[in-house]
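Have a look at the structure below before the remarks.
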Amino acid sequence: MSSIKKELKLNKLHLKQGDLVKVIAGKDKGKTGEVIKLIKKKSQVVIKGINIKIKHIKPVKEGEVGKINQFESPIHSSNAMLLERKKFSKAN
């Protein structure tokens, strides 16, 4: 198989942005959420409310207060099962 075909095959995902999915493996197994973002090169997806990470940010300037940021981290697309496709209206 040529390298171009390999790249095309690897970058194809079974999920689309806005789909409702269920996590089938990992620490959030059994939870459901909506696909927010796709990372096709790594075959990863970011799902709303799933795989929450916490990052502590130090204050940069004097007198500034530190922060604790929570964000969704990507998971591999094979660990997400499609439950429902997002309905797109053709009226637009």
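The values are calculated or read from the model by the stated rules, or taken from the named source; none is laboratory data. Computed from a prediction, not measured in an experiment: that's the story for all the values here. Don't worry about glycine lacking a Cβ; one is built from the backbone with ideal geometry, like all the others, and counts go over all protein chains shown. When the accessible area is computed, the model is the full protein with side chains, heavy atoms only, and any ligands, DNA or RNA have been set aside. Shrake-Rupley method; radii C 1.70, N 1.55, O 1.52, S 1.80 Å.
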Checklist entry - Across all directions of projection, what mean area in square nanometres is found for the Cα convex hull of the range 19-85? => result 5.4 nm²
Checklist entry - How much length is gained on full extension from I39 to I24, taking 0.36 nm per residue of separation minus their Cα-Cα distance? => result 3.5 nm
Item to check | Percent accessible area from carbon and sulfur atoms, the range 19-85, protein chains only, probe 1.4 Å | outcome: 53 percent
Checklist entry - For labels at N69 and E84 in the simple 7 Å Cα→Cβ model, what's the distance in nm? => result 3.2 nm
Checklist entry - So who's got an amide H within less than 5 Å of the one on Q44, skipping anything under 5 residues away but keeping other chains? H placed 1.01 Å off N, in plane. => result I39, S77
